[in-house]
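**Student:** Sharing a structure below in structure tokens format, with a few things to ask.
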Amino acid sequence: AAQVLAMSQVRHGVCINGVTNPGEVIKAVSKLSEGAETVVINVDPKNDLTRAGGELFQHMKAASSKSVPVRVFLVLPPEGGPVPLSHIMEPLNKLFDDNKKMVFDNGEVVCMSNNVRFFVVTEDCSGFGPAHVSRLGIVSAF
């Protein structure tokens, strides 16, 4: 958990790879993030991250008005589901690069606040493309 938080000091997006129990990982990182608000978004095909009004949209809009640190955990489904992980991750590229922006399906662009850090929690990131890997700090949960 300490390594994950250390990585989040230099990268605004961190992938925690090899996670078989997301709840335990989130609990450990949150415990070390004293005073930070924890947001957990379980990503699945029904929870489109680009949907205006969706969970990610709501939390990004709300975080911009907060002074406390916000830790957003995106818990990805296991690879092999109805939607490939690379498809889920593709819209997040602009969020995790230096632009730190997310474009939603209504055309609205929301910038990531400086107090927000994203953690992508996954069992296996081997389905990520080079664009995803280059934008995230990767920490193994093994």
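The values are calculated or read from the model by the stated rules, or taken from the named source; none is laboratory data. Source: prediction; values computed, not measured. Glycine also receives a Cβ, built like all others from the backbone with ideal geometry; neighbour counts cover every protein chain displayed. When the accessible area is computed, the model is the full protein with side chains, heavy atoms only, and any ligands, DNA or RNA have been set aside. Shrake-Rupley method; radii C 1.70, N 1.55, O 1.52, S 1.80 Å.
**Student:** Quick one: check the C-alpha center-to-center distance for segment 103-127 versus segment 69-98, whole angstrom.
**Tutor:** Each part's Cα centre sits 7 Å from the other's.
**Student:** Tell me the label-point distance for the pair SER140, VAL10, using the 7 Å Cα-to-Cβ offset, in nm and rounded to one decimal.
**Tutor:** About 1.8 nm, to one decimal.
**Student:** About the Cα centre of segment 44-142, what is the dipole size in debye to 20, counting +1 per Lys and Arg Cβ and -1 per Asp and Glu Cβ, all else neutral?
**Tutor:** 460 debye
**Student:** Towards the positive end of the charge dipole of the chain, with charges on Cβ (+1 Lys, Arg; -1 Asp, Glu), say which of GLY107, GLY13, SER33 has the farthest Cα.
**Tutor:** SER33
**Student:** Less than 13 Å from a label point 7 Å out along the Cα-to-Cβ axis of SER67: which backbone N atoms in segment 86-120 qualify, by residue?
**Tutor:** none
**Student:** Still on this structure: With a cut-off of 8 Å between alpha carbons and a minimum separation of six or more residues, what is the relative contact order of segment 1-60 in percent?
**Tutor:** 24 percent
**Student:** In segment 45-142, what percent of the accessible surface is made up of carbon and sulfur (1.4 Å probe, ligands and nucleic acids excluded)?
**Tutor:** The computed percentage sits at 53.
**Student:** Starting from the Cα of LYS66, draw a straight line to each of the lysines and keep only those under 25 Å, dropping any in the same chain fewer than 8 residues away.
**Tutor:** Partners found: LYS27, LYS31, LYS94, LYS100, LYS101.
**Student:** In addition: Rg to Rh for segment 4-142: what is it, with Cα atoms only and Rh by Kirkwood?
**Tutor:** 0.92
**Student:** Jot down the radius of gyration and Dmax of segment 83-142, Cα atoms only, both in angstrom.
**Tutor:** Taking only Cα atoms of segment 83-142, I get Rg and Dmax of 12.2, 39 Å.
**Student:** Here is a further query. Leaving out ligands and nucleic acids, note down the accessible area per residue over the chain with a 1.4 angstrom probe, in whole Å².
**Tutor:** Result: 50 Å² per residue.
**Student:** Would you work out the relative contact order for the chain, in percent, from Cα pairs under 8 angstrom that are 6 or more residues apart?
**Tutor:** Here the relative contact order equals 39 percent.
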